[in-house]
Every structure is written in C-alpha cells, then in structure tokens.
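Chemist: Dropping a structure here in structure tokens format, bear with me for questions.
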Amino acid sequence: MTAAQTLNEGSPSENVESPTCFTARIVQRSGSSFYWAMRVLDPERRAAIYAIYAFCRAVDDIADGTDTPSVKLRQLADWRGEIERVYHATPETPIGRALSDVVARYPLAHGDFLSVIKGMETDASACLRMADMAALSDYVDRVACAVGRLCTPIFGLAAEHGQPLAEALGEALQLTNIVRDLDEDAARNRLYLPLDRLAAAGISEISAATGAHSVCAHSACAVVCDELACQAQARFHEVAVMLSNMDPKAARAPRLMMAAYQRLLEKIIRAGWKSPRRRVSLSRGEKLWIVVRHGWF
C-alpha cells in the first residue's frame, strides 16, 4: 500500500473494517519496536495508541517514499486537512475516524499533530542538513517529543508529569534513531548530524552538493556520534528517574519503550561508528526479556 492509499483507503463504500481494526492491523504488520509497549495497555488505551501510531506511520511513509518532494508535500498537506477534520468530528479516512474518537476522550493538542506533519515535511526534502544543534532540537521536538506529548495522556499521566517525560524520552529515542540510521539516512541524502558540530570535529566544508555518505564515512563523524549518543544516555537517565516517581501502571508502557531503546543504544555504541556500519537491532530474545522484566515485573 502506498502512502497516498493509506490516506485515501477506507471510504464507507470501499472498506467495512472498523477504524479500530484498521489501525490495529497497521500496528501488527509494522514490526515496530514499540509493539509490546503498546500491547501492555488496557484495550481502550491500546486502541488510542494504535490510532496515534497509525497516523505517525502514514505520514512517515510519505516522507520516506519514492515520490518527488512536491508530491510528498501535497500528500502531507492532505493529512493536515484530515487533522483539521478530526478536530471538527468530520474525518474522511479510517485513521482519521479512529483519531476522532481518541481526541474526544483524551486532551490531545491539535498543534502536536501538526508538529509531526511539519517534521515529516522536513524529511520530505530532497537534501536534508541540520545547521546546528538548535535546528536538530527543533526537528526532534516535532518528530519525537510531539508524539510523546500525544501519548502521555493516553498512558494516564497528568500534564505536569507527561510533558517533561515526553521531552526527555522523545529526545533520547530520536537521537538513538539518528546514530543508528546514519547510512540509511545518507542513502536518502539526509544528514541529521549538526553541521556546526561536524565543523568543530574537523569537517568544515559541507554543502548541499556534499554527499551525505562521504560525510558519514569521515573519521570525524564518530566524534559527533559520540556526543549525540552521550546526550541520549543522559536523557535516558532522566527518564528513569521520572518513571521511578510515577504510578507504576501509567509508567509501564514508557518504561518498556525506554528499556528497549536504551538496550539498542548500548549495542550501537559497542558496534562503533567506523564506516561501513551494520544496522544494529534487538533480537527476538532481547525483546522478550525486556517485556518480561519491565512489562510484567
């Protein structure tokens, strides 16, 4: 299914599947590292998180797709329109209908959905570069922290606890993704390592014409990766402290997310930054152990 079909599929005449079943099917076939973190929630909260995930999956698929940037931007604009309809209780898609039920039950900020779309518009560009850490922080807030802000009310966390958790956990998760996916992103001409950090490490001449692969192959790239990995570790530590002071039931899903990605980051660091890199992932056994340890006990 293409990204455009994900948005347009499911008008009443074409699809009799309920919105909840539709979004659950998207999650089940995704292979997401967060699957078990979502599964530990009670059925109502799980269905709500599935709807959030399905939306994020749909817009991410657009950004990562093979269409031209202009086509991607039009597709993302369609999603911006659908989010407007969600908040007016007039959605036109299965995911939109699922989200409409969710926003009626939980205090989800309209602006956070739009922030996620704006982040995907950044990813949709033909050549992505981050000028400095401030630019990267803005991007991380849109594609990760905003998702956390949508999820924490569903976990059952009040805003005074959920907002700081979303900021810290979102940043830790996204920085882990960035250092894991260096070569995969470079193949799409995306370079998330801040140019000012790269310059300080010894790579001073980087422009739109400079291939992302050549930057990622430079030995100085490891310095910046180390910095971002250390920043992610520090944020994971903050998350652990926050979760220890929260209701255990409400903290269970984000604790699983943290544990899985913290373990992933440890493996990435051990593998090192020397090019060519292999993509690091968690084994089935590692995922099972994390679920048993952090989800059930």
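The values are calculated or read from the model by the stated rules, or taken from the named source; none is laboratory data. These numbers were taken from a predicted model, which means no experiment stands behind them. As a convention, Cβ positions derive from the backbone with ideal geometry for all residues, glycine included, and neighbour counts pool all protein chains shown. For accessibility, only protein heavy atoms count, side chains too; no ligands or nucleic acids. Shrake-Rupley method; radii C 1.70, N 1.55, O 1.52, S 1.80 Å.
Chemist: Expressed as a whole percentage, what fraction of the accessible surface of the chain belongs to carbon and sulfur atoms when a 1.4 Å probe is rolled over the protein heavy atoms?
Modeler: 53 percent
Chemist: Counting Lys and Arg as +1 and Asp and Glu as -1, each charge on the Cβ, what is the dipole of the range 93-210 about the Cα centre in debye, to the nearest 20?
Modeler: 320 debye
Chemist: Which value in deg cm²/dmol, rounded to the nearest 500, describes the helix-derived mean residue ellipticity at 222 nm for the chain, given -39,500 (n - 2.57) per DSSP H run of n ≥ 4 and division by the residue count?
Modeler: Computed mean residue ellipticity for the chain: -21500 deg cm²/dmol.
Chemist: Further question on the same structure: Under unit Cβ charges (Lys, Arg +1; Asp, Glu -1), what dipole magnitude, rounded to 20 debye, does the chain have relative to its Cα centre?
Modeler: Once rounded to the nearest 20, the dipole reads 1020 debye.
Chemist: If the cut-off is 29 Å between C-alpha atoms, which lysines fall inside it for Lys249, apart from same-chain ones fewer than 8 positions away?
Modeler: In chain and number order, the partners are Lys267, Lys287.
Chemist: Sticking to Cα atoms, compute the Rg of the range 230-297 to one decimal and its Dmax as the biggest Cα-Cα distance, whole number, in Å.
Modeler: 13.5, 43
Chemist: Can I ask one more? Short version: ³J(HN,Hα) in whole Hz for each residue of the range 235-243, in order, from phi by Karplus 6.51 cos²θ - 1.76 cosθ + 1.60 (θ = phi - 60°), x for Gly and Pro, what are they?
Modeler: Listing the rounded values in order: 5, 4, 4, 4, 4, 4, 5, 4, 5 Hz.
Chemist: Here's a follow-up. Given Gln75, Trp36, Ser219, which one lies farthest toward the positive end of the charge dipole of the chain, if we put +1 on the Cβ of every Lys and Arg and -1 on the Cβ of every Asp and Glu?
Modeler: Of the candidates, Trp36 comes out farthest on the positive side.
Chemist: Can you give me the pair-distance distribution of the chain, C-alpha pairs, 10 Å bins, whole percents?
Modeler: Using 10 Å bins, I get a P(r) of 6, 27, 35, 24, 7, 0 for the chain.
Chemist: Another question about this same structure. Between Met130, Cys145, Ser100, whose Cα lies farthest towards the positive end of the dipole of the range 72-172 when Lys and Arg beta carbons carry +1 and Asp and Glu beta carbons carry -1, centred on the Cα centre?
Modeler: Checking the options against the dipole of the range 72-172, the answer is Ser100.
Chemist: Quick one, can you get me the convex hull of the C-alpha atoms of the range 101-172 expressed as volume per residue in Å³?
Modeler: 85 Å³
Chemist: Determine the per residue accessible area of the range 18-109 with all protein chains present and a 1.4 angstrom probe, expressed in square angstrom.
Modeler: Per residue, the range 18-109 has an accessible area of 44 Å².
Chemist: In whole angstrom, and with the biggest value first, how far do the Cα coordinates of the range 211-255 range along each principal axis?
Modeler: Each principal axis gives a Cα extent; for the range 211-255 these are 47, 16, 8 Å.
Chemist: With point charges of +1 on the Cβ of Lys and Arg and -1 on the Cβ of Asp and Glu, referenced to the Cα centre of the chain, which listed residue (Cys56, Ile290, Ala229) lies farthest in the positive direction of the dipole?
Modeler: Sorting the options by dipole projection puts first Ile290.
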